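**Student:** Got a structure for you, questions after.
The values are calculated or read from the model by the stated rules, or taken from the named source; none is laboratory data. Keep in mind that this is a model prediction, so the values were computed, not measured. Here the Cβ positions follow ideal geometry from the backbone for every residue, glycine too, while neighbour counts run over all protein chains shown. Each accessible area value is taken on the protein alone, full model and side chains, heavy atoms only, with ligands, DNA and RNA left out. Shrake-Rupley method; radii C 1.70, N 1.55, O 1.52, S 1.80 Å.
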Amino acid sequence: RILNENYFLVILDINLPQLDGLQVCKIVRKDFHGLILMLTARSANEDQITGLEYGADDYIHKPTQPDVLLARIKALSRRLMPAIQSMPTLSFGKLHLDLEKRIVKLNHKEIELKKREFDLLKMLAINAGTCLTRDNITYAIRGVEYDGVDRSIDLRISYLRHKLDDDVKKPFRIQTLRGNGYILQPDAWD
């Protein structure tokens, strides 16, 4: 499921019924580009070292308070931002994003986007080919957690589709994965 559902963050325990969490981390790390956090009662130095060497981004001992866990997750998320912000441009076929100047061009024509529309497109483009959930998008763009009711992300996706000549009834450039989220298809811009 980790590889098929494209999660932003995976929290693994070491003590799992079939493969242990360390083995799961080692297996998925080469193809999974999200965050991996080990949350486990095993506190031996060897386990911590192995978890980090296998690709975990952080290792936390149980029990831990929920607010501490949330703070660690937020800190991990912030670590990704400098790498993302250092990318000057992104291109997919005839779609070009200048991330520094906040300019979007499709077929050499500049597309006017509002601030949050650009932020949403940037996030989708940086994660092209990966499904982003409403939770991921809402937290990254608005700094709040998705409440399960708000449809502002859906509305912005609709505006983006319209402005980027995507088929509104059968979108092929920014697709909806029902029950999961949205995915920008990197090969749909020629």
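**Student:** Using each residue's phi in region 106-111, evaluate 6.51 cos²θ - 1.76 cosθ + 1.60 at θ = phi - 60° and report the 3J(HN,Hα) Karplus result to the nearest Hz, with x for Gly and Pro.
**Tutor:** Ordered by residue, 3J(HN,Hα) equals 10, 6, 6, 10, 6, 9 Hz.
**Student:** How would you classify the chain from its alpha-carbon gyration tensor, with a ≥ b ≥ c the square roots of the eigenvalues: rounded for a/c under 1.5, else prolate if a/b is greater than b/c, otherwise oblate?
**Tutor:** It comes out prolate by the Cα gyration axes.
**Student:** Compute the acute angle (0 to 90°) between the alpha-carbon long axis of helix 115-126 and the principal axis of greatest extent of the alpha-carbon atoms of the chain; round to the nearest 10°.
**Tutor:** In the chain, helix 115-126 runs at an angle near 60 degrees to the longest axis.
**Student:** Sticking with this structure for a sec: How do Ile11, Ile174 rank by accessible surface area computed with a 1.4 Å probe, from largest to smallest?
**Tutor:** My answer, sorted largest first, is Ile11, Ile174.
**Student:** Per residue, how much accessible surface does the chain expose to a 1.4 Å probe? Answer in Å², no decimals.
**Tutor:** Spelled out: the 1.4 Å probe surface of the chain, per residue, equals 60 Å².
**Student:** Taking the chain as the reference, fit the longest principal axis to its C-alpha atoms, fit the long axis of helix 152-163 to the helix C-alpha atoms, and give the angle between the two in degrees, 0 to 90, nearest 10.
**Tutor:** That helix lies at roughly 40 degrees to the long axis.
**Student:** While we're looking at this one, here's another question. Taking the simple approach of a point 7 Å from Cα along Cα-to-Cβ for both Val144 and Asp190, what is their distance in nm?
**Tutor:** About 4.3 nm separates the two model spin labels.
**Student:** If you don't mind, there's one more thing I want to ask. Which trypsin sites (Lys or Arg not before Pro) does region 127-190 hold that lie in a coil by DSSP with at most 16 other beta carbons within 10 Å?
**Tutor:** Arg151, Lys169, Arg178
**Student:** Using the Karplus curve 6.51 cos²θ - 1.76 cosθ + 1.60 with θ = phi - 60°, work out ³J(HN,Hα) for each residue of region 54-61 in order, rounded to whole Hz, and write x for Gly and Pro.
**Tutor:** Per-residue couplings from phi come out as 7, x, 5, 8, 7, 9, 10, 7 Hz.
**Student:** Do any trypsin sites (Lys or Arg not before Pro) in region 27-60 lie in a DSSP loop with no more than 15 other beta carbon atoms within 10 Å, and if so, which?
**Tutor:** Of the trypsin sites (Lys or Arg not before Pro), the ones in loops of region 27-60 whose Cβ has at most 15 other Cβ atoms within 10 Å are Lys30.
**Student:** Which residues make up the longest stretch of the chain that has no GluC sites (Glu not before Pro) in a DSSP loop with at most 16 other Cβ atoms within 10 Å?
**Tutor:** It runs 1-99.
**Student:** How about Lys101: which lysines have a C-alpha closer than 23 Å to its C-alpha, ignoring those fewer than 8 places off in the same chain?
**Tutor:** Reachable lysines: Lys109, Lys114, Lys115, Lys122, Lys163.
**Student:** HN-Hα J couplings of region 9-17 from phi, Karplus 6.51/-1.76/1.60, θ = phi - 60°, integer Hz, Gly and Pro as x?
**Tutor:** Computed from phi, the couplings for region 9-17 are 9, 10, 10, 10, 9, 6, 7, 10, x Hz.
**Student:** How much length, in nm to one decimal, is gained on full extension between Ser158 and Ala75, taken as 0.36 nm per residue of separation minus their Cα-Cα distance?
**Tutor:** So the chain would gain 26.8 nm between Ser158 and Ala75.
**Student:** Run the numbers for Asp13 and Leu52: contour at 0.36 nm per residue of separation, minus the present Cα-Cα distance, in nm.
**Tutor:** 12.7 nm
**Student:** Sum up the charges of everything whose Cβ sits under 13 Å from the Cβ of Asp187, counting Lys and Arg as +1 and Asp and Glu as -1, but leave Asp187 out.
**Tutor:** So the surrounding residues net to +1.
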